[in-house]
Amino acid sequence: MMDHMDDENGRALLEALGAARERIAELESVQTEYVKVVEDLSLHQEELRAQNEDLRQAQEALAEASRRYQDLFDFAPIAYFLLDEHGAVVEVNFTACQMLGEQRVSIVHRPMRFHIGASERQAFDLFLVEAAAGRPSRTLDVTLSSRDGREIPAQLSLVVDRGNRGLRFRVAAIDISERHLAEEQRRLAATMFEESNEGVVITDAKGNIQRVNRAFTVVTGYAEKEVLGKKPSILSSGRHDSVFYKVMWERLEQSGGWMGEIWNRRKNGEIYPEWLKINAIRGASGQIRHYVGIFSDIGDRKRGTQEVERFAFYDTLTDLPNRTLFVERLKHALIRAHRDKQRVALLYLDLDRFKSVNDTLGHQTGDLLLQQAAQRLCQLVRTYDTVARLGGDEFTVVLTDLEDDTSARDTAERVAESIREHLARPFHVGGHEIVTGCSTGIAMYPDDGETCSDLVKHADIAMYHAKHNSGNGHAFFSPEMNARVVRRVSMESALRAAVRREELTLAYQPVIDVAAARVVGVEALLRWTSPDGPVSPLEFIPVLEDLGLGHDIARWVLAASSRVVNDWRFEGADALWLSVNLSPLQLHRMLMAWVWESLEGSGLAPERLVVEVTEDHFRHNSDAIIDRLIEIRAMGARVALDDFGTGHSSLGRLRNFPIDIVKIDRSFVNGLPHDQKDLAIVNTIITMARHLGMDYLAEGVETPGQLELLKRQGCGLIQGYVFARPMTADECAAWCADYNAGRMPVGPALH
Ligand code: C2E
Ligand code: MG
Ligand code: MG
């Protein structure tokens, strides 16, 4: 039983033990589970803490970003306005406040349009409306007015924001006052550029034209499109040599600017002076980007000063340099020639017979002739050779850059020859055809003189030589020529003194009618004995005329000779005619009043006067001379044509001249009786005179042979040594008295 009981108990114990063990195991597993959970939990906690830290950091970053955003918003260089749907300011940044000079509170909640200029408000409203309607304009320029009254030009741009807080406008305003200013300046500059009276040309660094203004077109005649891309050298006049431009560019490169006077050429070819200023415009790195040339046409201004200059340096008649400028240029040429060891040729020329053109055709015609002669001269020389007018009909030409002596002389001779040839061609002046010529004297530097005055003097002397030797030719100076000139100069002063002291006298030469064996007339011939001996009137009368005394002398000759002849009292004296010679100049200047005066003073009847003229008188202005001769004839006097046959008058023209007597020139009589040609000429003249109803006489008859022949040809009026030389008044009166009385005088004629 016990056993049984024990068994029972043991079993129960065992069972209980087993259960307890199970429980313990159960508890142990729960504990393990729990430990695990705790472990997990702490793990989670750790994670959470880490997450919290991240969150805090993120929050801090966010706050930082927000602060930064606010700063950015506030201090952005652009003014921002956040507007509600009615245009009232919800938010505004600091820049905007500053721009308007207002506190934030005074801006917020008020319509933004109040800050906009009254006249622009409507446009601003429209700006918002259009944007709200989905048609945003890009920008709107307005003027914002600040609290202190400033007006700020601003450009508005706009973004529409349709957030959950409703319609918002984000408006950005940029202060554009500087841009405005720049624009205004640009506009101003553009206006100045276009409207300036000064021509402006802008080129690139290579000198290609990029822009020109209106004045450029006005001055040069080129439109902008004609010059774009071209070089300014299209305007060059050719007046400046390469050195001029070289110096200009050097100056430009060195100092960045050049300024000066320059001659350019307009599109129409006209050359004009301009005042030009060129500046080089450099880029930031210093290299030249453009050239800007500003110029003004100084033609007018120059003409003003040129007027003055012209007066001082140019001959007003021919526009050629005058003596002053000529001397200046010659001096310059000599300095250069000295430096470069070169020669200079000075040509001194004088028109032949210019005086008679002037005297017979009038000064106006003379002036025109000089102008035409000047033009021809200028065409014959190189542009840089100087042609000048020294006065009267005297011109000079300076030839420079001549190398060795022989070629220099050749060149000078060639130029002189072409001048001679061109000036010998007829000039057509005021309806007249004028044939003149010129004589040229040449002096070479340095051989004929090293100074300006020596060269001029010597060229002048050579000219004189050319004129008096041949006329219409040229001569190089040689020292012997000096003597001639010395003679001329001394003659001038001696002649002047002689006139003053009344030392000129008259000789008288009879004219004989051989058939009637009577003296029919006498010719009064002027005489002057210089300190060196007698001088031919052919030589001293031109000098007298040059001295301006020709007119007075003519008057004296007429008065004195008519008194002398009228006073003669031999038998037949009152039938004598009196011949006086009048040069073209004298005849031209003659006044009928003093012819009458002389005749009345002497008592000589006008019918007894014969005025001797030559063919030369009719060379130019026949009309004026003819009128004069008609006047002479109208008073009853007669006209004789002296030295007939030596001049250029054609027989056809002769018919129109008012001539009463033809004097057959000595040169034809000379060859008689043997020279058949002379005989033929003499015969022709006689026949012609007869046919024209003129009287004729032979002058210079020296031998009985000549006399006989002439008588045979029917020429009965004779003047010449065969009968009598020119004599003093008393000798002549005595001779005539004897001759008329049939006493063949043995007088001066045989001396
Ligand atoms: P002409 O009028 O033809 O005068 C004649 C010239 O021939 C004079 O020279 C006279 O002396 C010269 N002669 C006369 N017969 C003979 C002769 O048989 N043989 C030679 N070999 N010569 C003879 P003269 O006096 O020397 O005058 C020269 C010229 O000067 C004149 O030429 C005349 O044109 C001019 N002349 C002279 N007196 C005056 C004057 O008072 N006024 C002007 N304007 N000219 C004058
Ligand atoms: Mg005569
Ligand atoms: Mg004569």
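The values are calculated or read from the model by the stated rules, or taken from the named source; none is laboratory data. The shown structure was predicted, so the numbers you read here are calculated from the model rather than taken from an experiment. As a convention, Cβ positions derive from the backbone with ideal geometry for all residues, glycine included, and neighbour counts pool all protein chains shown.
Could you please find all residues in region 497-530 being in contact with a Ser or Thr (Cβ under 9 Å, 6 or more places away or on another chain), surrounded by fewer than 17 Cβ atoms within 10 Å (Cβ to Cβ) and farther than 30 Å from Ala575 by Cβ?
Of everything in region 497-530, those that are in contact with a Ser or Thr (Cβ under 9 Å, 6 or more places away or on another chain), surrounded by fewer than 17 Cβ atoms within 10 Å (Cβ to Cβ) and farther than 30 Å from Ala575 by Cβ turn out to be Glu503, Thr529.
Go through region 595-617 and give me each residue that's of a type in the set (A, V, I, L, M, F, W, C), within 16 Å of ligand 2 (Cβ to nearest atom) and in contact with a helix residue (DSSP H, G or I) (Cβ under 6 Å, 6 or more places away or on another chain).
Val611
Okay, residues lined up against (1) in contact with a Gly (Cβ under 9 Å, 6 or more places away or on another chain); (2) of a type outside the set (Val, Ile, Thr); (3) more than 30 Å from Val292 (Cβ to Cβ):
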| site | (1), (2), (3) |
| --- | --- |
| Ile78 | no, no, yes |
| Ala118 | no, yes, yes |
| Asp125 | yes, yes, yes |
| Ile152 | no, no, yes |
| Ser177 | no, yes, no |
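For region 544-558, name all the residues that are free of Cβ contacts under 8 Å to residues at least 40 places away in the same chain and within 12 Å of ligand 1 (Cβ to nearest atom).
Once the filter is applied, which keeps residues that are free of Cβ contacts under 8 Å to residues at least 40 places away in the same chain and within 12 Å of ligand 1 (Cβ to nearest atom), region 544-558 yields Gly550, His551, Ala554.
Let's see how each residue does on (1) part of a helix (DSSP H, G or I); (2) within 21 Å of the chain's Cα centre (by Cα):
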| position | (1), (2) |
| --- | --- |
| Val243 | yes, yes |
| Leu252 | yes, no |
| Trp275 | no, yes |
| Gly293 | no, no |
| Ala312 | yes, yes |
| Phe326 | yes, yes |
| Leu330 | yes, yes |
| Arg339 | yes, no |
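Considering region 168-206 alone, what residues qualify as being surrounded by 12 or more Cβ atoms within 10 Å (Cβ to Cβ), over 24 Å from Asn279 (Cα atoms) and among the hydrophobic types (A, V, I, L, M, F, W, C)?
Those that are surrounded by 12 or more Cβ atoms within 10 Å (Cβ to Cβ), over 24 Å from Asn279 (Cα atoms) and among the hydrophobic types (A, V, I, L, M, F, W, C): Phe169, Val171, Ala172, Ala173, Ile174, Ile176.
What is the one condition in (1) touching a Ser or Thr at 6+ places or on another chain (Cβ under 6 Å); (2) closer than 20 Å to Leu609 by Cβ; (3) not basic (Lys, Arg) that Ala494 does not satisfy?
(2)
Specify which of the listed residues (Leu585, Leu591, Leu672) is among the hydrophobic types (A, V, I, L, M, F, W, C), touching a Lys or Arg at 6+ places or on another chain (Cβ under 8 Å) and modelled with pLDDT under 90.
Checking each option against the conditions leaves just Leu585.
Take the conditions under 27 Å from the mean Cα position of the chain (by Cα), in a strand (DSSP E or B) and farther than 24 Å from Gln287 by Cβ and apply them to Asn268. Does it pass?
no
For residues in region 681-699 being within 9 Å of Val669 (Cβ to Cβ) and at pLDDT 95 or above, which is farthest from ligand 2 (Cβ to nearest atom)?
Within region 681-699, the match that is farthest from ligand 2 (Cβ to nearest atom) is Ala698.
Picking from Thr365, Thr400, which residue would you name as being in contact (Cβ under 8 Å) with a residue 24 or more places away in the chain, touching a Phe, Trp or Tyr at 6+ places or on another chain (Cβ under 8 Å) and either buried (at least 16 other Cβ atoms within 10 Å of the Cβ) or under 20 Å from Asp447 (Cβ atoms) (or both)?
Thr400
What's the total number of residues in region 665-711 that are more than 14 Å from ligand 3 (Cβ to nearest atom), in contact with a Phe, Trp or Tyr (Cβ under 6 Å, 6 or more places away or on another chain) and not hydrophobic (A, V, I, L, M, F, W, C)?
Total satisfying the criteria: 1.
For region 610-636, enumerate the residues that are in contact (Cβ under 8 Å) with a residue 40 or more places away in the chain, among the charged types (D, E, K, R), more than 12 Å from ligand 1 (Cβ to nearest atom) and more than 19 Å from His428 (Cα to Cα).
The one that is in contact (Cβ under 8 Å) with a residue 40 or more places away in the chain, among the charged types (D, E, K, R), more than 12 Å from ligand 1 (Cβ to nearest atom) and more than 19 Å from His428 (Cα to Cα): Arg628.
Suppose the filter is at pLDDT below 90 and hydroxyl-bearing (Ser, Thr, Tyr); does Thr728 pass it?
no
Keeping to region 630-656, report how many residues are more than 16 Å from ligand 2 (Cβ to nearest atom) and hydrophobic (A, V, I, L, M, F, W, C).
Residues flagged as more than 16 Å from ligand 2 (Cβ to nearest atom) and hydrophobic (A, V, I, L, M, F, W, C) within region 630-656 amount to 5.
Which residues, taken from region 678-725, are in contact with a helix residue (DSSP H, G or I) (Cβ under 9 Å, 6 or more places away or on another chain), free of Cβ contacts under 8 Å to residues at least 12 places away in the same chain and either exposed (fewer than 15 other Cβ atoms within 10 Å of the Cβ) or of a type in the set (Ser, Thr, Tyr) (or both)?
Across region 678-725, the qualifying residue is only Thr684.
Restricting to region 531-549, name every residue that is at pLDDT 90 or above and in contact with a Ser or Thr (Cβ under 9 Å, 6 or more places away or on another chain).
Passing the criteria: Val535, Phe540, Ile541.
With the requirement that a residue be acidic (Asp, Glu) and either buried (at least 16 other Cβ atoms within 10 Å of the Cβ) or within 13 Å of ligand 1 (Cβ to nearest atom) (or both), what does region 651-677 give you?
Listed by number, the residues that qualify are Asp660, Asp665.
Could we say that Asp40 is at pLDDT below 90, closer than 26 Å to Ile176 by Cβ and in a helix (DSSP H, G or I) here?
Against the criterion (at pLDDT below 90, closer than 26 Å to Ile176 by Cβ and in a helix (DSSP H, G or I)), Asp40 does not qualify.
Here is a yes/no grid of residues against (1) crowded, with 17+ Cβ neighbours inside 10 Å; (2) out of contact with any Cys (no Cβ under 9 Å at 6 or more places or on another chain); (3) under 26 Å from Arg666 (Cβ atoms):
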{"residue": "Leu587", "(1), (2), (3)": "yes, yes, yes"}
{"residue": "Met590", "(1), (2), (3)": "yes, yes, yes"}
{"residue": "Leu599", "(1), (2), (3)": "yes, yes, no"}
{"residue": "Arg608", "(1), (2), (3)": "yes, yes, yes"}
{"residue": "Thr614", "(1), (2), (3)": "yes, yes, yes"}
{"residue": "Met635", "(1), (2), (3)": "no, yes, no"}
{"residue": "Leu641", "(1), (2), (3)": "yes, yes, yes"}
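Within region 474-572, considering only helices (runs of 4 or more DSSP H) that don't extend past its boundaries, which have at least 3 residues that are away from ligand 3 (no atom under 16 Å from the Cβ), closer than 30 Å to Tyr348 by Cβ and among the hydrophobic types (A, V, I, L, M, F, W, C)?
The qualifying helices (runs of 4 or more DSSP H) are 481-500, 537-546.
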